[in-house]
1. So for chain B, averaging the separation of alpha carbon pairs under 8 Å that are six or more residues apart and normalising by length, what relative contact order in percent results?
2. Please label the shape of chain A as rounded, prolate or oblate, based on the square roots a ≥ b ≥ c of the eigenvalues of the alpha-carbon gyration tensor (a/c under 1.5 means rounded; beyond that, a/b larger than b/c means prolate, else oblate).
3. What is region A:169-268 by shape, rounded, prolate or oblate, if you read a ≥ b ≥ c off the alpha carbon gyration tensor as root eigenvalues and call it rounded for a/c under 1.5, prolate for a/b larger than b/c, and oblate otherwise?
4. State the percent of C-alpha pairs, over all pairs in region A:1-149, separated by a distance greater than 20 angstrom.
5. Please state the charge dipole magnitude for the protein assembly as shown, taken about the Cα centre, from unit charges on C-beta atoms (+1 on K and R, -1 on D and E), reported in debye and rounded to the nearest 20.
6. Mind computing the radius of gyration and Dmax over the alpha-carbon atoms of the protein assembly as shown? Å is fine for both.
7. For region B:37-178, calculate the relative contact order in percent as a whole number, restricting contacts to Cα pairs under 8 Å that are 6 or more residues apart.
8. Would you mind putting A:435-442, B:55-62 in packing order, based on average other-beta-carbon counts within 10 Å, highest first?
Amino acid sequence: MTQTVDRIVDEPGWVLCPGCTTPVYGKRWLRNLSVCPECGRYTALTAVERLTQLVDDGRYERLDLVARSEDPLQFVDTVPYPARLAEARARTGLDEAVLCARATVEGVPVVLAVMDFRFLGGSLGSAVGELITLAAEVALAGRTPLVIVSASGGARMQEGVLSLMQMAKTAAALAQLDEAGVLTVSLITDPTFGGVAASFATLCDVILAEPGARLGFAGRRVIEQTIRQQLPAEFQTAEFLLDRGVVDRIVPRSRLRAELGRLLRAGTGADGPSGDGRSSGDGRPEAGADVLVRDPGRLPEVDPWEQVRRARDLARPTTLDYLATAFVDFQELHGDRISGDCPSVVGGTAWLDGRPVLVIGQQKGHTAAELSQRNFGMPMPSGYRKAARLMRLAEKLRLPVVTLVDTPGAYPGADAEEQGQAVAIAENLRLMASLTVPVITMIIGEGGSGGALALAVANRVLAFTSAVYSVISPEGCAAILWKDPTAAPRAAAALRVGSRDLLRLGVVDGVVVEPDGGTGADPLTAADALRRALAGILDELRDLTGPQLRADRRARFRQYGSALTVESELRTMSQPRR
Amino acid sequence: MFRTILIANRGEIALRVARACREMGIRTVAVHSTQDRDSAAVRYADEAVQIGPPPPRQSYLCAAAILEAARRTGADAIHPGYGFLSEDPDFAEACATEGIVLIGPPAPVMAKLGDKGSARAIMSAAGLPLLPGSLDPLGPEAAHRLADEIGYPVIIKAVAGGGGRGMQVVTRSDEFPDAHRRTRATAQMLFGDGRVYVEKYLRSARHVEIQVLCDAYGNAIHLGERDCSVQRRHQKLIEETPSPRMPDGLAERMGAAAVAGASAVGYVGAGTFEFLVDPDARYHFMEVNCRIQVEHPVTEAVTGVDLVQEQLRVAAGERLTLTQQDIRPRGVAIECRLNAEDPDAGFAPTPGLIEEFVVPAGPFVRVDTHAYPGYVVPPNYDSLLAKLIVWAPDRDRAIARMLRALDECRVSGPRMSTTRDFLRKVVDHPTFRAAEHTTALVDELFAAVRVPAAR
């Protein structure tokens, strides 16, 4: 269980790290935010210490909320419950296991509810549930983002089934914030278990976790002793859960305020990131006009097979490259909250020409190692579900969605099928057709079939000159129709995969001209063109209301009658790709 | 004066400090890891305390263990040597709380100078010229403004970069925005981290430092300069004083600046102000080292001042008896650091048994070492075996003497390799003899060696 360390704050004492048993000079310990400078072990913070670390200048205003624990069951274990409460209050100086306050984080006003594990193990009693709910209601009234810091062993047994009800009550309070579009952020600290883990701690828009923090419904001991499962050492740690798609980011304590600030700024559109937020407003007035070609006649005829080869060139900048160059302050959000964190899809908040957006794209790589790590940009169902989760977040926060498409196709493996690849893609198509925020897609390289379309149901679809977009790979088509994979160049020509044909067919609305030698030859110029094109389209869509944006998108895809219908697109999913 | 001094270090410096104490009639306590239980310093000291296992974190860096040893042995002061805890303000403060004198500047001064940002701010206010640049990564506009202020050429460096990758020199303002974005994009693609910072670009520079000595009553003097331009990856290999080929009056101006800086920050003890000197003979403050330096013997050789004993006197609350007029450096001193490393294997350390250990002697040669025949160089610590210091009336004769000293040096063991031959090559190199070298010398030597080898 969590060990706490005795410390002397005012005079230079020594702290014995519970991890490595090194005596650490007290001031250094505190300066390092109660993380051992020798072994990196995190120790628990009190609610007051946590608040002081998280908010600007350590200044916060306690919320004057009334909720006190009663003893509805007249519960007695070794001591009566009221005696336990009195002892906890005396020892912690807190009324309850959660402290609610109002403050600013990096200049953004927030409401915070911070749990204190020292108070009866941070257990979720009626008063804790009430305080979390009241804090959510304060956040709702002021449309202020809510930050919840969790540390809890679970429900408070001494309050019986009434404690269980707090899970539902707090979940309902967060649902109201979802409906009102108010950003919620959860910070998982060690340990967060049971009823707290299965309610407000995991219902927030973004889940951050401290390194090594454990989160789970059933604790290790319960699992090992009831069903006798062997568990790995890192079971239920933040790192374990990041891989499994449960948490968005693991953030070291020293960076929490800054990372939270970035998230809050993007989520509220409060202010551009410091330094270079609006670095590139220069091209704004006529943005896009000069880089975007809308007349296929102005595009050169390129041999389709040559175009396929260019689109696959490993030198081409990837989604993450553009996120670093065309966008500013990208903050990646991980996981689908269901099964995993697909490395082939990256997404998160970023700023485009001074506007917060949510960016999602397929990620390939430049080297064999990168490609392998990113599964060659072929997403698993968890990748599409992560994208869906982020699009729902964008819808809630009214952030425009920008997708960057670069995939040979959805991953065609057995495990992808087992996890419902077809369903994941289909659900994305429907979700994207229903969003009421602007959606823009840019095909930066390969647009491979349904795996591409699952991120491309947009109000405007753009493509680079050397990008391709197709219902099936030329190799796959050649194998099926010519029974000869070497007929791929013929198939490429027949499929009309090139940007000129895509523009003529109306499948893309504009083509962004690449620098000489392709995007890989001059990544910066390419990024600049991309940024201007996207900014121009965002301006174009600015005056449309939510329902208009949705109607516009549905109408756009309704018109495809003879060339490529969504149904035929999906049907090809059952065919081998390569 | 102190009665008992605990020496919180190991190797040659522990022995050096113990010798200074012995001459002054001060009892010494050596602390050591289990690895160093037979070390020269342990044998030499009046008392020895084992403080932990070989890893420095659990021994020489373990503040609590060292303080406990001081308490038990009744030490009234601790000499931290160099490295380890010598510049740790927390340790200085903890010593003060325990009522034990740490031989060095007061903890708050150490804290201010240990932080690069605050040290630069204080020294800039004291009138010391800084090498202009951003300490932190900046956005494109702020970086461009800064570059314009600094003046060109500037260098844009990736935070994650190194070894010449992810950096670009910019010579004109109109090229800056593009170069900045390009470096950011390159850094992102190479290192996955697009952060960059900007600094004034020096095509070539020399590392020149000033030794200062201050008491607690506001008296401060400097003891001239040391040139430490022969470096490999910021590791000094050869040091000399005076700095050769310095324009007239420059060393004096730098000395005066260092004294002004030391006074401004309330420095007490022996300290070193490090500067870069550019080809136009402008000097730029880099940092202050709040400790005795490895290369302090060259200053001792030309000034006749025992710097460690001066440290002890000042720390004991005595007034400086030396004035600036008393400091009259004579002749030239050179130091070579003999390391147990293999220059042909990228200077990889070669720990292990030393069978033969013969060090030079003769007129005007000093050797500071803790090694001896049969000594086993432990793998846990730095690889410094010995410091050879020579003195001569002029630089040519000092070089001849150093070559002679290096030739007399014989260190061997089953797997032992030393930097002797490499040092000899550098000292004998025409560029070094002509004192035309910069901090790039070692890299240039290696580049020159590699080209034929590649054929």
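What follows is calculated from the coordinates using simple rules that are stated; it is not laboratory data. All values reported here derive from a predicted model rather than from experimental measurement. Neighbour counts are summed over all protein chains in view; Cβ atoms, including those assigned to glycine, are modelled from backbone coordinates with ideal geometry.
1. 13
2. Prolate.
3. Oblate, because a/c is 1.5 or more while a/b does not exceed b/c.
4. The proportion of pairs with Cα distances above 20 Å equals 56 percent.
5. 1160
6. 34.0, 102
7. After rounding, I find 12 percent.
8. Top of the packing list down: A:435-442, B:55-62.
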